[in-house]
Structure formats: structure tokens, C-alpha cells
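First comes the structure, then the notes that go with it.
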Amino acid sequence: MGSMTWFELFERRCEEHRIDPKRITLEVTESSSQGGKVLALEILSRLRLKGFLLSIDDFGTGFSSLETLYRLPFGELKIDKQFVFDLIKSPEARTLVESTIGLARKLGLKICAEGVETEEVFRELRHLQCDVAQGYYISKPIAADAVSAFFVKWDAAKAIRGNSASSKLKVIQGLLADILTGPNDEDDATVVVSSPSDGMAVESGRTSYRSCRR
């Protein structure tokens, strides 16, 4: 961030290889974004105008986090892993994570949590409406040619989790709640619950169902 030479070279390489800037996210630490402040602001602004997504890395560990958010054109905020590690066991860490997510949303920023290593933390971040999770719970770094196979396995594991007994119980509880709170003129309705192979559609963690009348 202290020299315009890197930016000009990076821009030329992207043009030569016809790379769409929207497909690239550049992660910048708070400390490096402050180097030569005026020049750093110019470089980051030009990158943003070109369409690159700028992500502020390790947010919360610097000395001027709010100033960085206010002055620089970032589109994504990454919560430092030290806060994510302690999310479940520390009320203070949870408060910081929850507040950071709320702040990012109000500023229109995408939010990513680093250091997600357990399903418990993953689920809690989803509950807090965090956009993206990064960490060993999802995957360790892998080679580019292994990415497609990874997503096949991930989708298969997701389907298995979605077909677990606890998930089915939640579906049934939801159906019963709908019946109990529905109009009184549907007393003669029969609700059919079946497995995914029998036609139950599951998408993005939400289950759709059909009710049949006798």
C-alpha cells in the first residue's frame, strides 16, 4: 500500500488474462491499509472502482478499526479468529462478535468469521446471521483441482445432516404448529411427511411440505 507500482502491475495482469475483478477479493490487514495513508486510500479506492472486493482482515486487532472502516472503501469485514475461538465460552467474545456483525450490516458490509473449527461455533454464527465462515471445520487449505470434489462431499454431508432424526423432529414440530394455528375450516386435512427420496424438498436448510385433503 506504500507504492503505486504494485497496483499498476496488478491491474495490467488482470487485463492481460481477462480476469473479471468481481471474482477477486483482496484481503488487506488494518496495519497495511494505513501505510502512507493518503496513498493507501488512493490505491484502495481505485481497486474498488475497478470492481475488486476489498476485505479488511483481522478486524478488531488494530488500534484504529473504526477509523479504517470510516475512511477506506472496504466491502467485507473479517472477524479475527481470536474472538471466534472464544465465541461459545466467553460472553465478552460473543458480545464483540455480535456487535461487529450488527455494525457491518448497518454499514452494508459483507461479514466473514475466521477460525471456525467446530460445528457449534458454525451454527452459532449462522444464528447471528454471519454471511461467511472460514476455518478447519469447513476445510483445511486444498489444491485448486480438489475444490469440485470438496463441494460434492460437502453437499452429501449436508444432505445426511438434514435427514437426521433431530431435523425430522423439527419438521414435524413445525407442521404441527401450522395445524394448530391454522384456520378452523381445515379440520379434514391430512399432513403427509415423507423422506427426501419420497418427495420432500429441502433447500437452504428450510423444508417444504404438502398437505393433502381427503
Going highest first, how would you order 149-159, 73-83, 44-54 by mean Cβ packing within 10 Å?
73-83, 44-54, 149-159
Full-stretch length increase - Ser139, Lys158 - with 0.36 nm per residue and alpha-carbon distance subtracted:
5.4 nm
In this model, which of Lys110/Lys158; Lys50/Lys106; Lys37/Lys89 are farther than 27 Å apart at the alpha-carbon?
Lys37/Lys89
Counting only heavy atoms of protein chains, what accessible area per residue, in Å², does segment 1-109 have with a probe of 1.4 Å?
60 Å²
Under a 1.4 angstrom probe, counting protein chains only, how are Thr100, Thr68 ranked by accessible area, largest first?
Thr100, Thr68
4 °C / 1.567 mPa s Stokes-Einstein diffusion coefficient of segment 1-101, Kirkwood radius on C-alpha pairs, µm²/s
88 µm²/s
Could you tell me what percent of the accessible area of segment 1-80 is made up of carbon and sulfur, with a 1.4 Å probe and every protein chain present?
53 percent
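The values are calculated or read from the model by the stated rules, or taken from the named source; none is laboratory data. What you see is a predicted model, and the numbers here were worked out from it, not measured in a lab. Neighbour counts are summed over all protein chains in view; Cβ atoms, including those assigned to glycine, are modelled from backbone coordinates with ideal geometry. For the accessible areas, the whole protein counts, side chains as well, though only heavy atoms, and no ligand, DNA or RNA atoms are used. Shrake-Rupley method; radii C 1.70, N 1.55, O 1.52, S 1.80 Å.
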